[in-house]
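The values are calculated or read from the model by the stated rules, or taken from the named source; none is laboratory data. Predicted model only: the values in this text are computed from it and were never measured. So basically every Cβ, Gly included, is an ideal-geometry build from the backbone, and we count neighbours across all protein chains shown. For the accessible areas, the whole protein counts, side chains as well, though only heavy atoms, and no ligand, DNA or RNA atoms are used. Shrake-Rupley method; radii C 1.70, N 1.55, O 1.52, S 1.80 Å.
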Amino acid sequence: MLQPAESRIYFSFFMFPVDMRPDDVAYGQQLIDHIKALTDIGYAGFDLPIPPKPTTDHQAEVDSYARLKERFDAAGLQQVGFTTNVGATRDFDPTSPDPAIRKAALSYLKSRVDITAVLGGETVLAGPIIFPYGVFPTNEAGIPLWSDLLQDWLAPRYANATAVIAELADYASGKGVKLAIEPVDHWETPAPNMVSDVLEFLKGVDSATAGLTVDCAHVMLGSDGPFAYERDIRTTIAQQRLHYVHISSLDRGSFHDTWIPWETFLAPILPAYQGPYLLEVFNAIPAFQTSLRQTRRKFWIPGEDAPEPGRPSAYDVARDGLAVLQGQFRRLGAA
């Protein structure tokens with residue numbers, strides 16, 4: 001029996017500075033304060049970004065997140081769910097033609113599986129883990145590759161990544177972690193951009209542990225259209241590969257008035273999907289100002305910023321977003 005969708009709503013820590021700084025005890029208390037405030041609002045769990053570090057001592061990173069989870073538990077947060085957001089990078093690139101870089105990418109991604117496992121909860125690792133996020137290829141003259149040239153460049157790169165993701169899926173399965181590969185729109189990254197792109201790639205990966213994240217913002221900016229979307233979501237569900245659903249406005253901001261086509265996006269998902277729904281807001285913090293070309297003002301963060309009367313706080317946006325999504329679930333008769 002499906003659980004009520006309203007009980008599975010998570011909130012993204014992209015609203016806050018994206019480095020969890022797991023060994024910083026004082027900052028960890030700020031994280032705990034945010035989590036407690038947001039669970040009081042009604043959230044069941046949280047998506048934590050796990051950024052890459054300039055180190056190959058991945059076990060030390062895993063250990064640091066284990067200590068952070070101990071502090072979460074000591075603060076009474078044992079029942080809070082956590083997922084993680086992870087991206088491939090230039091140094092950890094599963095598609096690289098260099099076997100040494102692919103090996104490093106596998107080690108890096110395995111460590112992120114380990115971090116997801118120690119955090120517990122939904123144990124979903126999501127994000128653009130095939131190609132490095134935001135890295136657009138160029139030719140030898142430095143001219144960007146687009147259209148046919150890009151597609152020709154992508155094909156062998158996808159092939160390079162297949163064995164890496166297949167081995168990662170086997171490893172993640174042993175840890176009880178689902179891999180939710182996220183197709184990201186072409187404004188942000190060269191590939192994969194659409195659900196169909198990931199489904200095509202996954203034909204080479206037997207384990208359904210490797211599946212998809214579907215994000216309504218990326219769907220609207222990068223999909224073929226509503227008919228292809230519905231077909232691809234039904235295929236994803238039939239393959240038991242739909243592991244995460246992200247709800248995000250086109251400007252990656254608040255939800256009180258948004259272009260999200262709720263029924264078109266949610267109708268194929270609600271009858272069968274049992275995982276978490278993530279409300280994802282990218283605050284106008286330095287990490288995102290350039291990459292997402294943000295022009296709107298920052299949502300001030302309680303406990304970190306001076307209050308700004310008359311302007312919404314991060315908690316206000318979280319509260320409004322939760323109410324909007326819960327209202328849509330009720331309207332669409334979510335299980």
- Would you please name the residue that is nearest to residue 276 (Cα to Cα), looking only at residues in the range 201-217 that are touching a residue at least 24 places away in the same chain (Cβ under 8 Å) and open to solvent by 10 Å² or more (accessible area, probe 1.4 Å)? 209
- Could we say that residue 315 is modelled with pLDDT of 95 or more, in contact with a Ser or Thr (Cβ under 8 Å, 6 or more places away or on another chain) and either in a helix (DSSP H, G or I) or open to solvent by less than 50 Å² (accessible area, probe 1.4 Å) (or both) here? no
- Message: Return the residues of the range 33-42 that are closer than 15 Å to residue 76 by Cα and open to solvent by 10 Å² or more (accessible area, probe 1.4 Å); say none if nothing qualifies.
- Response: 33, 36, 37, 39, 40
- Item | Pair list, Cβ < 9 Å and 6+ apart or interchain, from the range 176-188 residues that are within 23 Å of residue 136 (Cβ to Cβ) to residues that are buried (at least 24 other Cβ atoms within 10 Å of the Cβ) and charged (D, E, K, R) | 182/215; 183/215; 184/215; 185/215
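Residue by residue, here is whether (1) modelled with pLDDT under 95; (2) β-branched (Val, Ile, Thr); (3) out of contact with any Leu (no Cβ under 7 Å at 6 or more places or on another chain) holds:
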| site | (1), (2), (3) |
| --- | --- |
| 22 | no, no, no |
| 31 | no, no, yes |
| 37 | no, no, yes |
| 47 | no, no, no |
| 54 | yes, no, yes |
| 57 | yes, no, yes |
| 70 | no, no, yes |
| 75 | no, no, yes |
| 80 | no, yes, yes |
- Task: Quick one: residue 300 ticks every box in (1) of a type in the set (Phe, Trp, Tyr); (2) under 16 Å from residue 248 (Cα atoms); (3) in contact with an Asp or Glu (Cβ under 9 Å, 6 or more places away or on another chain) except a single one, so which number is it?
- Result: (2)
- Item | Contacts under 8 angstrom Cβ, first residue in the range 10-26 being without any contact (Cβ under 8 Å) to a residue 60 or more places away in the chain and acidic (Asp, Glu), partner surrounded by fewer than 19 Cβ atoms within 10 Å (Cβ to Cβ) and assigned to a loop (DSSP other than H, G, I, E, B), 6 or more apart | 19/51
- Message: Please pick out the residue among 87, 28, 81 that is open to solvent by less than 10 Å² (accessible area, probe 1.4 Å) and either within 19 Å of the chain's Cα centre (by Cα) or closer than 19 Å to residue 180 by Cβ (or both).
- Response: 81
- Query: So how many residues does the range 210-234 have that are among the polar types (S, T, N, Q) and under 16 Å from the mean Cα position of the chain (by Cα)?
  - Reply: 1
- Answer yes or no: is there a residue in the range 278-291 that is of a type outside the set (A, V, I, L, M), open to solvent by less than 40 Å² (accessible area, probe 1.4 Å), assigned to a loop (DSSP other than H, G, I, E, B) and under 30 Å from residue 238 (Cβ atoms). yes
- Test for residue 114: is it under 19 Å from residue 209 (Cβ atoms), of a type in the set (Asp, Glu) and open to solvent by 20 Å² or more (accessible area, probe 1.4 Å): yes
- Item | Complete set of residues in the range 117-154 that are over 17 Å from the mean Cα position of the chain (by Cα), open to solvent by 60 Å² or more (accessible area, probe 1.4 Å) and of a type outside the set (Val, Ile, Thr) | 136, 139, 140, 141, 144, 146, 147, 148, 149, 151, 152, 153
